[in-house]
Each structure stands twice: as structure tokens, then as C-alpha cells.
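Student: My structure is below; once you've seen it, I'll send some questions.
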Amino acid sequence: MLRPVDGANAPRLITQGEIEVVVGHYREAMARYEEAASVLEHRLRRELRAAAIKTLVLSRAKHPDEVRLDLEYQRASDDPAEPELTYTKLNADLNRSITDLSRATVIVYHPIDEQAAFEMILRRFPLADVPNPIEHQEDRQRGSRALVEIDESFDRPSLRGSIVEVKVASISSHIFNELGADIGYSPTAEEHPENVAEGIEDLMYLSRLTDRAVHRLLEARRTRLFDPTEPVNDPVDLRHALEQMVGHTLTGDFQRLFRLLDTVIHPFTAGALADLGPAETLLEQGVQIATGLGLHETGGDDDVLCYTLSLMDSFGPEFQELASNWRGPTNDIKNAILGWKKA
Amino acid sequence: MSQLNINDLVICLNARSSYSELVVFADDLEEVAQLRIGELPLDLTPLDHAGQRFTFQGDRGKRYSFEISETGTARLATDISNHPQSSAMKAMQDEALGASASAALRNAVAKKGGGWAPGLVLGILLGDALDEDSESRRVLTLRFDSTKKRWSAYDGGLVGWMKRELAPVDAES
């Protein structure tokens, strides 16, 4: 009777031929990864718009050539005695071994909004159950990364369990991150010809300078709202005005809050917001009302929902009439408004 | 074609007691169209020679002030303190009645433009200031369903434009 050779079933480094097989499988399944990225892109765009964070959102699946390069790179740095990357593992679940097969990129207009956008993603999207689902880069490349899993909340059963890598960066950091990586950024810049290394350095400083200029521009726009006669023109203005009043960033659906307040206040100015009462006090009151309504889970980390609830004594019937006319899927703020009853 | 009459405005004001005035585009009101051709509706009593200020007598005898603005709007208000009974005018030349209404209609149509959606009737309720010192006031933008004869709160894309056209801030200060 033949007996298996000792160590025949032990994990071993993946071969080049096996890499080609894996890449072939990926090519056949690529449409699914494209779709997962696209589904997340649409949800991201909707959530970021509601949060009044100006962004560009892009998505794509990783190119098969990039998958091949990635696998070769991982094999080169793997431990031959105890390899992390094996053919068996890749065949069992490719997406959990290479977590960036589906990718979405959120490019924020204002560097200061990078953190707000990333926090919104962590709050509103389920993280994948894989090692290191969150990463921040602060050295040469700048940006944040989260690995999001398509779960039942997406209402797409065929994509359930897919992992999508979401990267968040400012416009200028995005340019540097992409060009730097594409042209040949590496931690040891000496490996590049001098003129390439200089070009990458110039690009990095230019990107930092652009971030600073955009930051100053944004601050100038924000300070405009210190003037009580200044109109609150859109959800972004509303977010800025309220954040100025409380002195920290706020979360929630500013698009809906803007629609509500613009409909019931005229003229809708920074001064009118102050006339409604101190935002900090209103937020505290709103948290209590949310708790009373049994919305603590959602209300506790949704500043807009809490702020809206604190205004219900003044505008309750109007807000309820407006919310009852909102089309589309129901949401936390609509439920809270419709569930409110005058004390 | 007019899709509203002043009684529709009265019903809206009576149903929403937080507000004291309702402003609509003049071309949506049947009574403005009547005034333009020199007919004085029975419920309206003119208060000036310009054909702009009137008293409206509601079904239950309640009186309202009614004003037509040549800028293209018509306003019904519950406050009639600045419309003393004694100033009511018993007779008026037809031409005078029609001039303001005609200008109001023309300007309302111009404001809406050629691409205005047929059947879209909008209005704005005006209430008190947010607080004593506030320069902003409570309002509610509305849409009228002429089939169901019902007003409902409106928060669509025309809110900013409606506020500017129906209740310009400069005109109020």
C-alpha cells in the first residue's frame, strides 16, 4: 500500500503555475468584484451626501495583472517553512486572502473632512472580519483605509460576504498616493534615478502645499458663517455653522436637516440657527428625547437626529408632515420624527 | 388657469394656527383673474383706489385682509387691524380694479417662466419671529393639490426660490 510521503500535505509556497490558476479563476469571477465595488460606491455616495461631506467617489475591481503581481510579491516575502499564502487557502476564499480585489476610493475636497468621512464609514458600514480592517497612513502617503463587508443591509444576497477596500484621502493626497505608487514610489528612494526621486519629492511637497491652501480656503468659508446675517445655503453650510457653535465635528444626515429647517425658517441664516437655542444644549436635550423614544442605539451617535428631536416642540407638526411625504427607504431620522409625540 | 380661490387660503390658515399669513402667486387665484377683467367678487371689499388692498368676508363672517402685489403675489392675512371698516370703499372704477390685478398676473406668470409645470400650485405660510430679537420668522412652504383640494408641506427643490419670490426679505424689512 502506498503511503503519503512525509510532509506532502504540509503547507508550501505557492508556485508560479498555481498563481496563474488563481489569476484565471479571479478573471472569471471579476464581474462579481466589480459589482461589489459598484454597490458600495453607490451607498458611499449617498451616505457622504447626506453627511454633507463633499467628495468624489470611485470604484473598480483590481486588474488581474495587479493580482498576479500582488501574489508574486507576497510569495517573495513569505516564510517557506510556514507560508501564509497557500494555493489551498487562495482557492478556498480568494477575497479573504487578497482583501482589495474590490476597491472604492473616497476623495474628499477638504483635507479637514478626511477624518469625518472615515468616521462616517466606520459608523455606517460593517467592517470585515479580517486582520487589520482599519489602517491610517501618515508618513509619505496620506490616507485611511477600511475593509468593509457587504452584509444583509445591502439587500444583495449574491454579494454577501464580499470585502471591499475603501480608501479615503484628500484630492491632493490622492494624486500623490496614486502617482507616487504608479511611477515607482518605494521606501528606499535611493533606488530610483535622482531625477525620479526628486520629482516624487516635489510632488509630495506640492500635495502638502495644496492641502494647506484648501484648508485656508475652507476656514475662510467657515468663518463667513460667524456673521449672523449670512445665509445658510446648503447642507454643507449647515454642518459648518452647527459645528462652529458646538466646537467639534457632528454626525448625521445634514441633507434632511437642511431640508427641514429651510422649509420652516425664513430667512435661514446663521443667526436664525442661534435663535433656535444653544446647539450644545439642544443636542443634550435631543439625546434624552432619543433615549425616551428607545432610540438610544441609533440616537446616541447621530447628532442630527438628536438635534432634530430637540426642535420637535417648536416644529413637531411641520416636521412630521414633511417626513411623512419623504419617499424612498425609511431611515432613522424619519422614524424618530414620526415616532415623536408631544409631551 | 386659476386653480385656487380665497376660500382655499382661508381653509389653510384656519388649519394652521401658528401662522397668520398665506402668500401665493397671483395667477393661481380665481379672484385675481376676476378683478383683472373688472369684476369685483362679492366677498371682497376694496380698501384703496389702487385695487391692491381688500377685506375678505369668510363663510362664518370672519374677516381677513387680502392684498395683491404688482410683483405677482397675493396675500391673505388674519390680522385686519390695519384695515379699518370705515375705509371700505363702496364703489370703484372698473379700470382701477383691474390695473393692479393685471400687473400682478403678468409678473406672476413671468416669474414662473414658460416651463412651469402645469398644475403646480405653491404657497408660503408666514408666522411670528423665531424670538423677540430674531430677524428670521417661522414659515412653512406649501404645495396645493387642486384635485384633492388639499395643502401639504413642501420641501422640494423650489423652496429657496419660493421664499425669495413670495416673501422677499427686503420687502418685509
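Student: Report, to the nearest 10°, how far helix A:16-50 tilts away from the longest principal axis of the Cα atoms in chain A, using its own Cα long axis and a range of 0 to 90°.
Tutor: Approximately 10 degrees, to the nearest ten.
Student: Which of the listed residues, B:Thr55, B:Ser18, B:Leu29, is farthest toward the dipole's positive end in the stretch B:16-79, when Lys, Arg count +1 and Asp, Glu count -1 at the beta-carbon?
Tutor: Sorting the options by dipole projection puts first B:Ser18.
Student: Dipole of chain A (Lys/Arg Cβ +1, Asp/Glu Cβ -1, origin at the Cα centre): which of A:Thr308, A:Val214, A:Ala323 lies farthest to the positive side?
Tutor: A:Ala323
Student: Could you give the DSSP H helices of chain B that reach 24 angstrom or more along their long axis (alpha carbon positions) and whose average Kyte-Doolittle hydropathy is no lower than -1.0?
Tutor: Answer set is B:94-112.
Student: Explain nothing, just the number: dipole magnitude of the protein assembly as shown about its Cα centre with +1 on each Lys and Arg Cβ and -1 on each Asp and Glu Cβ, in debye rounded to the nearest 20. Let's see the in-between values first.
Tutor: Numbers: 56 positive and 83 negative charges, 384 e Å.
In total the dipole reaches around 1840 debye.
Student: Still on this structure: When A:Thr291, A:Thr210, A:Thr88 are ordered from fewest to most other Cβ atoms inside 10 Å of their Cβ, what list results?
Tutor: Sorted ascending by nearby Cβ count, the order is A:Thr88, A:Thr291, A:Thr210.
Student: Within 10 Å of each residue's Cβ, count the other Cβ atoms and sort B:Val24, A:Val164 from fewest upward.
Tutor: B:Val24, A:Val164
Student: Please give the peptides A:146-155, A:77-86, A:12-21 ranked by average Cβ packing (other Cβ atoms within 10 Å per residue), highest first, as a rough proxy for protection. Intermediate results must be reported in sequence, preceding the final value.
Tutor: Numbers: A:146-155: 17.7, A:77-86: 12.6, A:12-21: 14.9.
Final packing ranking: A:146-155, A:12-21, A:77-86.
Student: Compute the relative contact order of chain B as a whole-number percentage, counting only Cα pairs closer than 8 Å that sit 6 or more residues apart in sequence. Don't skip to the answer; put the middle values down first.
Tutor: Working: 323 pairs, mean separation 40.6, N = 173.
So the answer I get is 23 percent.
Student: Relative contact order of chain A: what whole-number percent is it, with Cα pairs under 8 angstrom and at least 6 residues apart?
Tutor: 14
Student: Within a 10 angstrom radius of each residue's Cβ in A:269-276, how many Cβ atoms of other chains show up on average? Whole number is fine. Don't skip to the end; give the middle numbers.
Tutor: Details: counts 4, 0, 5, 7, 2, 4, 8, 4.
The mean count of partner-chain Cβ atoms within 10 Å per residue comes to 4.
Student: Take A:Ala343, project a point 7 Å from its Cα along the Cβ direction, then tell me which residues of the stretch A:311-325 have their backbone nitrogen under 15 Å from it.
Tutor: Once the point is set 7 Å along Cα→Cβ of A:Ala343, A:311-316 turn out to lie under 15 Å by backbone N, inside the stretch A:311-325.
Student: Full-extension gain between A:Arg49 and A:Leu206, please, as 0.36 nm times their residue separation minus the C-alpha to C-alpha distance.
Tutor: That works out to 53.7 nm of additional length.
Student: Identify all aspartates and glutamates with a Cα-Cα distance to B:Lys111 below 13 Å; exclude those on the same chain that are fewer than 8 residues away in sequence.
Tutor: Straight-line reach from B:Lys111, under 13 Å: B:Asp27, B:Asp28, B:Glu70, B:Glu165.
Student: Decide, for the stretch A:98-213, between rounded, prolate and oblate: order the square roots of the alpha carbon gyration tensor eigenvalues as a ≥ b ≥ c, take rounded if a/c falls under 1.5, and otherwise choose prolate if a/b is larger than b/c, else oblate.
Tutor: Note, shape of the stretch A:98-213 comes out prolate.
Student: Calculate how steeply helix A:64-77 sits against the longest principal axis of the alpha-carbon atoms of chain A, using the helix alpha-carbon long axis, and give the answer as 0 to 90 degrees to the nearest 10.
Tutor: 70
Student: Please give the helix A:312-325 orientation as an angle from the longest Cα principal axis of chain A, in degrees from 0 to 90, rounded to the nearest 10.
Tutor: 60
Student: If we sort A:307-320, A:244-257 on the protection proxy, mean other Cβ atoms within 10 Å, highest first, what's the order?
Tutor: So the order, starting with the most tightly packed, is A:307-320, A:244-257.
Student: Return the lysines within reach of B:Lys112: Cα separation strictly under 27 angstrom, same-chain partners fewer than 8 residues apart disregarded; answer none if there are no such residues.
Tutor: B:Lys148, B:Lys149, B:Lys163
Student: Quickly estimate the mean residue ellipticity at 222 nm for chain A, helices only: each DSSP H run with n ≥ 4 gives -39500 (n - 2.57), and the total goes over all residues, rounded to 500.
Tutor: Calculated from helices alone, the mean residue ellipticity at 222 nm is -17500 deg cm²/dmol.
Student: In straight Cα distance, which aspartates and glutamates are under 14 Å from B:Lys62, not counting same-chain residues fewer than 8 positions off?
Tutor: B:Asp43, B:Asp79
Student: Pop the C-beta distance of A:Glu178 and A:His42 into the FRET formula with R0 = 30 Å and round what comes out to the nearest 0.05.
Tutor: 0.85
Student: Calculate, for B:His49 and A:Asn325, the FRET efficiency according to 1/(1 + (r/R0)^6) with r their C-beta to C-beta distance and R0 45 Å; round to the nearest 0.05.
Tutor: Plugging the Cβ-Cβ distance into 1/(1 + (r/R0)^6) gives 0.55.
Student: Now a separate question. What share of the DSSP beta bridges in chain A is antiparallel, in percent to the nearest 5?
Tutor: On the way: 19 of 26 bridges.
In chain A, approximately 75 percent of DSSP beta bridges are antiparallel ones.
Student: Order these peptides, A:25-38, B:62-75, by their mean beta-carbon neighbour count within 10 angstrom, highest first.
Tutor: Ranked from most to least packed, the peptides come out as B:62-75, A:25-38.
Student: Along the Cα-to-Cβ line of B:Val169, 7 Å from the Cα, sits a label point; which residues in the stretch A:255-292 have backbone N less than 19 Å from it?
Tutor: Under 19 Å, as judged by backbone N against the label point of B:Val169, lie A:258-277 of the stretch A:255-292.
Student: Quick one: how many lysine pairs in chain A have C-alpha atoms under 23 angstrom apart, if they're 8 or more apart or on different chains?
Tutor: So the count works out to 4.
Student: Then there is this: Take the alpha carbon gyration tensor of the protein assembly as shown, find the square roots of its eigenvalues, order them as a ≥ b ≥ c, and report rounded if a/c is under 1.5; if not, report prolate when a/b exceeds b/c, else oblate.
Tutor: Because a/c hits 1.5 or more and a/b exceeds b/c, the protein assembly as shown counts as prolate.
Student: What does the average come to when, for each residue of peptide B:131-137, you count the partner chain Cβ atoms lying within 10 Å of its Cβ?
Tutor: If you average over the peptide's residues, the count of other-chain Cβ atoms is 6.
Student: Now, a different point. Mind checking the dipole of the stretch A:200-343: about its Cα centre, +1 per Lys or Arg Cβ, -1 per Asp or Glu Cβ, Debye to the nearest 20?
Tutor: Computed charge dipole of the stretch A:200-343: roughly 260 debye.
Student: Quote to one decimal, in nm, the extra length available between A:Glu28 and A:Glu198 on full extension: 0.36 nm per residue of separation minus the C-alpha distance between them. If you can, show how the numbers build up before the last one.
Tutor: Details: separation 170, 0.36 × 170 = 61.20 nm, distance 4.10 nm.
Contour length minus Cα-Cα distance gives 57.1 nm.
Student: Where the centre of each part is set by its Cα atoms, how far does the stretch B:51-80 sit from the stretch A:198-255, in angstrom?
Tutor: After rounding, the separation between the Cα centres reads 46 Å.
All of the numbers you see were taken from the coordinates with simple rules; none came from a lab. The structure presented is a predicted model; accordingly, all values stated were derived computationally and were not measured. Note that each Cβ is placed from the backbone with ideal geometry, even for glycine, and that neighbours are counted across all protein chains shown.
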